[in-house]
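The values are calculated or read from the model by the stated rules, or taken from the named source; none is laboratory data. Not measured: the values here are computed from a predicted model. No Cβ is skipped: glycine too gets one built from the backbone with ideal geometry, and neighbour counts run over all protein chains shown. SASA here: full protein model, heavy atoms, side chains in, ligands and nucleic acids out. Shrake-Rupley method; radii C 1.70, N 1.55, O 1.52, S 1.80 Å.
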Amino acid sequence: MSGRFRWLTPPGPAALGLLQVEGLPPQARDRPLPPRGTARFARLRDAQGALLDELVVWHLADGGVELSVHGGDGVRSLVETGLRAHGLEAAAEPPPPDRWQALAATPAPAAAAWIARHGLEPPPFAAAYLRRSPVVLITGGVNAGKSTLLNAWSGRDRALVSDRPGTTRDLVSAQTLVGGWRLTLIDSAGLRPTSDVLEAAGQELVAHARARADLVLHLAQPQGEPALRVGELLVLGKADLRGGTPGAWPAAPAWSSVGWNGRTPEQLLESLGDAVLARLGLPALVADAG
């Protein structure tokens with residue numbers, strides 16, 4: 001016997017059936033395997049070249065191969081018969097740790113791509129981001145443009161926007177996709193001394209949100225020195241009011257709802273997203289060539 005196969009899904013009618021194959025011969029498929037860590041459509045053929053099924057071939061990072069076939073009982077039987085005709089035998093031992101369960105639990109395309117390419121090996125970033133979205137708290141002084149940033153970044157009018165200081169008093173959340181990673185954004189009350197009971201309660205919520213955030217963005221006003229805390233990412237807010245230079249923070253990302261320095265709001269958001277991923281240590285999802 002030249003190889004073996006193992007079903008990763010139980011028997012019974014289903015839309016798809018998944019199986020792991022070791023030693024799949026070239027004559028069993030109509031095209032070469034895709035590069036490691038990627039997948040492609042292909043046709044599975046029997047020893048006489050007859051079509052068995054149209055499927056998706058996954059070429060794993062460790063060199064293994066997994067097939068996603070149609071899940072009906074008849075197709076499963078045909079696939080098994082065809083693989084045996086190519087000299088493969090059914091493996092009897094239990095399956096390895098379930099990579100498909102990990103894929104199903106991912107919250108974002110980039111997380112799924114990482115598992116597809118690297119399997120269950122520990123990532124160089126926080127492994128929790130393969131199971132949940134990073135939380136990004138947007139903080140700063142009153143009228144810094146935090147709510148405008150949240151709305152623009154998420155593509156939805158989630159937060160009320162007003163020129164009146166202290167408009168935001170509760171935590172408002174939204175999601176955005178940056179480089180294939182889904183981020184949970186949290187808008188928060190502006191930071192300033194206040195005697196207003198509701199506004200003070202809103203600032204207390206900020207303290208609780210800060211404790212559970214993975215990253216805090218400090219949106220700085222155009223005037224004055226930002227009161228940064230350790231670990232915060234400085235963002236130059238209302239950059240269009242700063243003139244043509246970033247002042248003392250040339251490396252800080254900037255944000256303006258009307259654009260700045262010849263860059264559109266969308267381009268500013270893209271740069272801000274890059275800075276957030278870099279701070280979180282997350283690699284952007286890059287499409288494979290071809």
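For segment 233-243, the tally of residues that are surrounded by fewer than 21 Cβ atoms within 10 Å (Cβ to Cβ) and in contact (Cβ under 8 Å) with a residue 40 or more places away in the chain stands at 1. Within segment 263-288, restricting attention to residues that are assigned to a loop (DSSP other than H, G, I, E, B) and either closer than 25 Å to residue 214 by Cβ or open to solvent by less than 80 Å² (accessible area, probe 1.4 Å) (or both), the residue that is modelled with the lowest pLDDT is 286. Could you please give the count of residues in segment 81-93 that are surrounded by 14 or more Cβ atoms within 10 Å (Cβ to Cβ), of a type outside the set (A, V, I, L, M) and at pLDDT below 90? Counting residues in segment 81-93 that are surrounded by 14 or more Cβ atoms within 10 Å (Cβ to Cβ), of a type outside the set (A, V, I, L, M) and at pLDDT below 90 gives 0.
Residue by residue, here is whether (1) touching a Lys or Arg at 6+ places or on another chain (Cβ under 7 Å); (2) more than 22 Å from residue 84 (Cβ to Cβ) holds:
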position: 10; (1), (2): no, no
position: 22; (1), (2): yes, no
position: 26; (1), (2): no, no
position: 30; (1), (2): yes, no
position: 41; (1), (2): no, yes
position: 44; (1), (2): yes, no
position: 49; (1), (2): no, no
position: 57; (1), (2): yes, no
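Scanning segment 42-54 for residues that are out of contact with any Gly (no Cβ under 9 Å at 6 or more places or on another chain) and surrounded by 19 or more Cβ atoms within 10 Å (Cβ to Cβ) yields a single hit, 42.
Conditions (1) in contact with a strand residue (DSSP E or B) (Cβ under 6 Å, 6 or more places away or on another chain); (2) open to solvent by less than 20 Å² (accessible area, probe 1.4 Å), marked per residue:
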| position | (1), (2) |
| --- | --- |
| 73 | no, no |
| 79 | yes, yes |
| 100 | no, no |
| 106 | no, no |
| 112 | no, no |
| 116 | no, yes |
| 120 | no, no |
| 137 | yes, yes |
